[in-house]
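The structure under discussion appears below in the form of structure tokens.
The values are calculated or read from the model by the stated rules, or taken from the named source; none is laboratory data. Since the model is a prediction, treat every value here as computed from it, not as a measurement. Neighbour counts run over all protein chains shown; Cβ positions are idealised from the backbone, glycine included. Protein only, heavy atoms only, side chains kept; ligands, DNA and RNA dropped before computing areas. Shrake-Rupley method; radii C 1.70, N 1.55, O 1.52, S 1.80 Å.
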Amino acid sequence: QVQLVESGGGLVQPGGSLKLSCAASGITFGFHVMGWYRQTPGKQRELVAVINTGGSTNYADSVKGRFTISRDNAKNTVYLQMNSLQPEDTAVYYCNGKFSIMDYWGQGTQVTVSS
């Protein structure tokens, strides 16, 4: 059974930091492109950051220079370090894993940036 379990969300003040984690099980983690997406009510889910099997990364323009995605294949875990958080970063953040036609999602973790 495939599971992607996010953790690390919460409430943070503007300018603060959070680190999200996504622990994967039931997949050959090292073969999967891993990504973080986010969604706010009434809007489509959007890509935040992605890391491929070789470690190359890509970011949405809105988070470049503030967010860093990384992966630890030994721990089957992908991370999202979020710095200089702004209220517009408030969303539910979802972990995603892709391999060939397979596409897996976590249950999401809420990130709220507010004073």
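Here are the numbers for the structure shown:
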| item | result |
| --- | --- |
| Label point distance in nm, residue 98-residue 5, each placed 7 Å from Cα along Cα→Cβ | 2.6 |
| Size descriptor, Kirkwood hydrodynamic radius, that averages inverse alpha-carbon separations across the range 26-85, Å | 12.3 |
| Average accessible surface area per residue within the chain, 1.4 Å rolling probe, Å² | 53 |
| Relative contact order [Cα under 8 Å, 6+ residues apart], the range 55-115, whole percent | 25 |
| Extension gain, residue 47 back to residue 19 (0.36 nm per residue minus Cα-Cα distance, nm) | 8.4 nm |
| Electrostatic dipole magnitude of the chain [Cβ: Lys, Arg +1; Asp, Glu -1; Cα centre; debye, to 20] | 100 |
| Given 16 as the ceiling on other Cβ atoms within 10 Å, longest exposed-site-free region of the chain for trypsin sites (Lys or Arg not before Pro) in DSSP loops | 1-42 |
| Stretch gain in nm, segment residue 39-residue 57, where the contour uses 0.36 nm per residue and the Cα spacing is subtracted | 4.5 nm |
| Contact order normalised by residue count of the chain, Cα under 8 Å, 6+ apart, percent | 36 |
| In Å, descending, principal axis extents of the Cα set of the chain | 40, 26, 23 |
